[in-house]
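The values are calculated or read from the model by the stated rules, or taken from the named source; none is laboratory data. Just so we're clear, the structure is a prediction, and the values are computed from it rather than from any experiment. Note that we place each Cβ from the backbone using ideal geometry, even for glycine, and neighbour counts take in every protein chain shown. All accessible areas refer to the heavy atoms of the entire protein, side chains included, with ligands and DNA or RNA removed. Shrake-Rupley method; radii C 1.70, N 1.55, O 1.52, S 1.80 Å.
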Amino acid sequence: MSKRIIVTIDGPAGAGKSTTAKAVAEKTGLPYLDTGALYRAVAWKLDRDGIAPEDGEKISEALKNFKIDISGGKVSADGEDVTEAIRTAHIDEIVSAYAARPEVRGALAGFQRAQAADGLVADGRDMGTVVFPEAQLKIFLTASAEERARRRCAEREAKGESADYEEILKQVIERDRFDMTREIAPLRPAQGCVILDSTTMSAAEVVDAIASLAKEIEAQENR
Ligand code: DC
């Protein structure tokens, strides 16, 4: 049987990581792991249970028996389908604070590694730096803050929601600052990664570039 590889795609919010990672997974036949969805599901649960991001002890306790399932494009938390509930503006706002907690990161790192037996494409913030430093292909996918805010606006509008570009740009910049300066697993390019700036690239160009690199590396690994 051929050996499957690990492809990590890290980068700031709105760089197109999840769309790209899904398409790369499809093209390469590797499983896809959306780690942002895991952080969102944890934030959803802790917020619902009234546990503050500052309360490390309660967080540890709550996560001991927390059941999370992410398969078939659905996310479930303690058996409840939260696929839609984790994509609200409210979760957007609160998730960074929970994701900065060591208790949360520790619990999710183990879960993420356990998914990698048959290789995978995983997107997030610390896939290449912390969770899968041994990955055969590490991508840092970025785009200018203005372009990312513009894409986020277009997404919201496509869903029929209102979107204020200036407000979204402010949020994008603020979330970058928070994710890049947090103490644990700050967002930064991993050692040995390929940095892809997608500001002037189409989504298809980005996917093709990563998928062909992945196929090449996988072929080399199996030679
Ligand atoms: O990519 P996203 O917007 O769904 O991520 C949600 C939040 O989770 C965001 O604040 C960054 C955080 N996150 C993280 O800290 N580490 C990851 N591997 C993935 C996401």
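Quick check on my filter: what residues within the range 67-84 are open to solvent by less than 40 Å² (accessible area, probe 1.4 Å) and more than 22 Å from Leu30 (Cα to Cα)?
Of everything in the range 67-84, those that are open to solvent by less than 40 Å² (accessible area, probe 1.4 Å) and more than 22 Å from Leu30 (Cα to Cα) turn out to be Ala77, Val82.
Give the range 23-44 a look and list any residue that's near the ligand (Cβ under 8 Å from one of its atoms), without any contact (Cβ under 8 Å) to a residue 60 or more places away in the chain and open to solvent by 20 Å² or more (accessible area, probe 1.4 Å), or say none.
Within the range 23-44, Arg40 is the sole residue that qualifies.
Considering each residue of the range 153-188, count those that are over 15 Å from Ala97 (Cα atoms), of a type outside the set (Asp, Glu) and surrounded by fewer than 17 Cβ atoms within 10 Å (Cβ to Cβ), and give that number.
Final tally of qualifying residues: 11.
Please note which helices (runs of 4 or more DSSP H) are completely contained in the range 119-223 and include at least 1 residues that are more than 12 Å from the ligand (Cβ to nearest atom), in contact with a strand residue (DSSP E or B) (Cβ under 9 Å, 6 or more places away or on another chain) and within 28 Å of Thr88 (Cβ to Cβ).
203-221
Ala13: more than 28 Å from Ala117 (Cβ to Cβ), open to solvent by less than 30 Å² (accessible area, probe 1.4 Å) and of a type in the set (A, V, I, L, M), yes or no?
yes
For the range 99-110, which residues satisfy the criterion of being near the ligand (Cβ under 8 Å from one of its atoms) and not charged (D, E, K, R)?
Across the range 99-110, the qualifying residues are Ala99, Ala100, Leu108.
So that you can scan it fast, the table gives a plain yes or no per residue for (1) assigned to a helix (DSSP H, G or I); (2) within 12 Å of the ligand (Cβ to nearest atom); (3) modelled with pLDDT under 95:
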residue: Pro12; (1), (2), (3): no, yes, yes
residue: Leu46; (1), (2), (3): yes, no, no
residue: Glu93; (1), (2), (3): yes, yes, yes
residue: Gln112; (1), (2), (3): yes, yes, no
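Just to be sure I understand, how many residues within the range 107-141 are open to solvent by 30 Å² or more (accessible area, probe 1.4 Å) and either aliphatic (A, V, I, L, M) or more than 20 Å from Ile184 (Cα to Cα) (or both)?
Number satisfying all stated conditions: 7.
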